[in-house]
Amino acid sequence: QLKGTNGATISIVDENGSTKSTVATQEKQDGQDITLTIDINLQKDLYQSFENDQSASVAMNPTNGEVLALVSTPSFDSNDFIYGFSTEEWDALNNDEAQPLTNRFRSTWVPGSTMKSITAAIGLETGSLDASKDFGAEMKWQKDSSWGDYYVTTLHAPNPNNLKNALIYSDNVYFAKAALKIGADQLMQSLNQIGFNQELPFDIKMSESQYSNMDKIETEIQLADSGYGQGQILVNPLHLASIYTAFLNDGNMIKPYLHADGGSTSSEIWIKDVFSPQIVSEVMEGLEGVVNNPEGTGYGACREDIRLAGKTGTAELKATKEDTSGTEIGWFTVFTTDRDTENPILLISMVENVKDIGGSGYVVEKDKAILDEYLGNE
C-alpha cells in the first residue's frame, strides 16, 4: 500500500537531445497515505526505557482498541536492509545472543501470574469458584500422594486466602487449586472461547496463544500449573491485552486495531460477553488491590490522582522443578480503571531474564515511569 509506481516516458530526441515527439507516457502513482494509531511519543519512551532489555511492550486504549505502541527490544535499524550489510555486520546481527531480529511482541510467552485473573474470571463464570471462600494459607501444596515429589509452592499465602487476597498477594497455590476445581475440559473450552488457539484479528499476524503443546491439557499437574500461568501456557502480549479489556468493558473483549482509518475512535467488540459484569466486578477488586494495596505486588505503580489496576507476573523457565539455573520472565499488566480518564491506557510489558534484577518489580518500576510521562506526574 505504501509503495508507489515510477513514472516513465519514451521519447524520440534529435542529436542535440531535444524531444521531437513522445511515443508513450506512464504517469507515476504515489503510494497510499496510511495513518496509524501509534502514539509516537509513547512508542519512543517505551523503546528507550527497555532498549537494553530483551522485552516486548503493548499499549492500547482499552475503551476502543486503538493500539498506541508495539515495541520489541533490542532492535535494529531497518534502513540497513536497504543500504546493505557487510558480512561482519550481518553475522553480528544474527549471532547476537539478545536476538534483535526476533519480534517479541509477535511471539508467545509464559504468562506467569498475569494468567491468574483469567483463571479467576473463568472459575467464577463457570460456577467453579466462590470468591469469598477461604482456600487456606499454604506455602507448599500437592493434591495428594499421587503427585509424588511434585509440589506447588508460593511466596505469599494470605490469610484469609479468598480470591481478592489471592490476586493481591499472587498466591500460586490458590490458583492451582482453582484450576483443579474448574477442570481441564472446562478450562480448555473457556480459553478457546477467549481466543486461545486462534488467530488474532489484527493488521500484523501474531503467534497464537496456547494452553498445551499438544491438543489438550493432559495431566492434573499440568492443569494445576496452568491455573497460575505455568505448565504449557503461552500467551501473545497483544492477545493478553485484549483479554484484559474485558475487565473494563462489562466482560466484552475489544478488538485491537492499528490502522486509524480516518480517525475513527469507536470500539469494536472482538468477543462478546466472555465474563458477566458481576464477575468482572469481583475480579477487579483484586486487580485494583494489586496496585493500590500496600501489600500488592504492583503497589510501586500506585497513583493518588488516577486509579490504576493490574497484575504482575514472574514466569519461571527451567528444565525441572529442582533446576536452579533457569531464568525468569517479568510481566506487568496495568490499566486506568475509569473509562472517562482523559488518556485511558492499558500497558503490558514483558522482560526476559529478570531473575537477578528484581523480578516483576523491575518491570513495575519501568512502567511506572512510562505512565508518569503519559498520564502526567502526580
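Within the stretch 246-257, restricting attention to residues that are in a loop (DSSP other than H, G, I, E, B) and either hydrophobic (A, V, I, L, M, F, W, C) or free of Cβ contacts under 8 Å to residues at least 12 places away in the same chain (or both), which residue is surrounded by the fewest Cβ atoms within 10 Å (Cβ to Cβ)? Working first, answer last.
The first filter runs over the stretch 246-257 and keeps only residues in a loop (DSSP other than H, G, I, E, B), leaving 246-252, 255-256.
Add one more test, that the residue is either hydrophobic (A, V, I, L, M, F, W, C) or free of Cβ contacts under 8 Å to residues at least 12 places away in the same chain (or both), and what stays is 246-248.
Numbers: ALA246: 27, PHE247: 28, LEU248: 21.
Per the stated criteria, the residue is LEU248.
Could you tell me how many of the residues in the stretch 128-148 are open to solvent by 60 Å² or more (accessible area, probe 1.4 Å) and in contact with a helix residue (DSSP H, G or I) (Cβ under 6 Å, 6 or more places away or on another chain)?
1
Going residue by residue through the stretch 162-178, is there one that turns out to be in contact with a Gly (Cβ under 9 Å, 6 or more places away or on another chain), closer than 20 Å to LYS272 by Cβ, small (Gly, Ala, Ser) and in a loop (DSSP other than H, G, I, E, B)?
no
Residues ALA184, ALA176: which one is among the hydrophobic types (A, V, I, L, M, F, W, C) and either crowded, with 22+ Cβ neighbours inside 10 Å or touching a strand residue (DSSP E or B) at 6+ places or on another chain (Cβ under 7 Å) (or both)?
Values: ALA184 fails: either crowded, with 22+ Cβ neighbours inside 10 Å or touching a strand residue (DSSP E or B) at 6+ places or on another chain (Cβ under 7 Å) (or both).
Answer to the selection: ALA176.
With (1) closer than 24 Å to ILE243 by Cα; (2) hydrophobic (A, V, I, L, M, F, W, C); (3) surrounded by fewer than 17 Cβ atoms within 10 Å (Cβ to Cβ); (4) more than 20 Å from the chain's Cα centre (by Cα) as the list, and ILE357 as the residue in question, which single condition is left unmet?
(1)
Residue pairs, Cβ under 8 Å, 6 or more apart or interchain, first in the stretch 227-241 and within 13 Å of THR314 (Cα to Cα), second among the charged types (D, E, K, R) and buried (at least 23 other Cβ atoms within 10 Å of the Cβ). List them.
What qualifies is TYR228/LYS116; GLY229/LYS116.
Which of the strands (runs of 3 or more DSSP E) found entirely inside the stretch 283-378 contain at least 1 residues meeting this: closer than 30 Å to GLY148 by Cβ?
Values: elements: 308-317, 327-336, 346-351.
Result: 308-317, 327-336.
From ILE243, ILE221, grab the single residue that is at pLDDT 95 or above, outside any loop (DSSP other than H, G, I, E, B) and more than 18 Å from ALA120 (Cβ to Cβ).
Values: ILE243 fails: more than 18 Å from ALA120 (Cβ to Cβ).
Being at pLDDT 95 or above, outside any loop (DSSP other than H, G, I, E, B) and more than 18 Å from ALA120 (Cβ to Cβ) holds for just one of ILE243, ILE221, which is ILE221.
Which number in (1) polar (S, T, N, Q); (2) open to solvent by 10 Å² or more (accessible area, probe 1.4 Å); (3) under 27 Å from PRO277 (Cα atoms); (4) in contact (Cβ under 8 Å) with a residue 60 or more places away in the chain marks the one condition that THR119 misses?
For THR119, the failing item is (2).
Which fully enclosed helices (runs of 4 or more DSSP H) of the stretch 1-104 have 2 or more residues being under 22 Å from the mean Cα position of the chain (by Cα) and either surrounded by 10 or more Cβ atoms within 10 Å (Cβ to Cβ) or touching a residue at least 40 places away in the same chain (Cβ under 8 Å) (or both)? If you could, list the steps in order and put the result at the bottom.
Working: elements: 40-50, 80-83, 87-95.
Counting at least 2 such residues, we get 40-50.
What about THR320, is it at pLDDT below 95, under 20 Å from the mean Cα position of the chain (by Cα) and open to solvent by 40 Å² or more (accessible area, probe 1.4 Å)? Steps first, answer last, please.
Values: at pLDDT below 95: yes; under 20 Å from the mean Cα position of the chain (by Cα): no; open to solvent by 40 Å² or more (accessible area, probe 1.4 Å): yes.
Against the criterion (at pLDDT below 95, under 20 Å from the mean Cα position of the chain (by Cα) and open to solvent by 40 Å² or more (accessible area, probe 1.4 Å)), THR320 does not qualify.
Does the stretch 331-357 hold any residues that are in contact with an Asp or Glu (Cβ under 8 Å, 6 or more places away or on another chain), of a type outside the set (Phe, Trp, Tyr) and either at pLDDT 95 or above or within 23 Å of ARG106 (Cβ to Cβ) (or both), and which are they?
Going through the stretch 331-357, the residues in contact with an Asp or Glu (Cβ under 8 Å, 6 or more places away or on another chain) turn out to be 332, 334, 337, 344, 347, 349, 351-355.
Still in the running and of a type outside the set (Phe, Trp, Tyr): 334, 337, 344, 347, 349, 351-355.
Selection gives VAL334, THR337, PRO344, LEU347, SER349, VAL351, GLU352, ASN353, VAL354.
For the condition more than 27 Å from ASP39 (Cα to Cα) and surrounded by 24 or more Cβ atoms within 10 Å (Cβ to Cβ), what is the one hit in GLY229, GLY289? It would help to see each step written out before you state the result.
Values: GLY289 fails: surrounded by 24 or more Cβ atoms within 10 Å (Cβ to Cβ).
Among GLY229, GLY289, only GLY229 is more than 27 Å from ASP39 (Cα to Cα) and surrounded by 24 or more Cβ atoms within 10 Å (Cβ to Cβ).
The values are calculated or read from the model by the stated rules, or taken from the named source; none is laboratory data. Note that the structure is a prediction, hence the values are computed from the model and not measured. No Cβ is skipped: glycine too gets one built from the backbone with ideal geometry, and neighbour counts run over all protein chains shown. Keep in mind that these areas ignore ligands, DNA and RNA; they rest on the heavy atoms of the full protein, side chains included. Shrake-Rupley method; radii C 1.70, N 1.55, O 1.52, S 1.80 Å.
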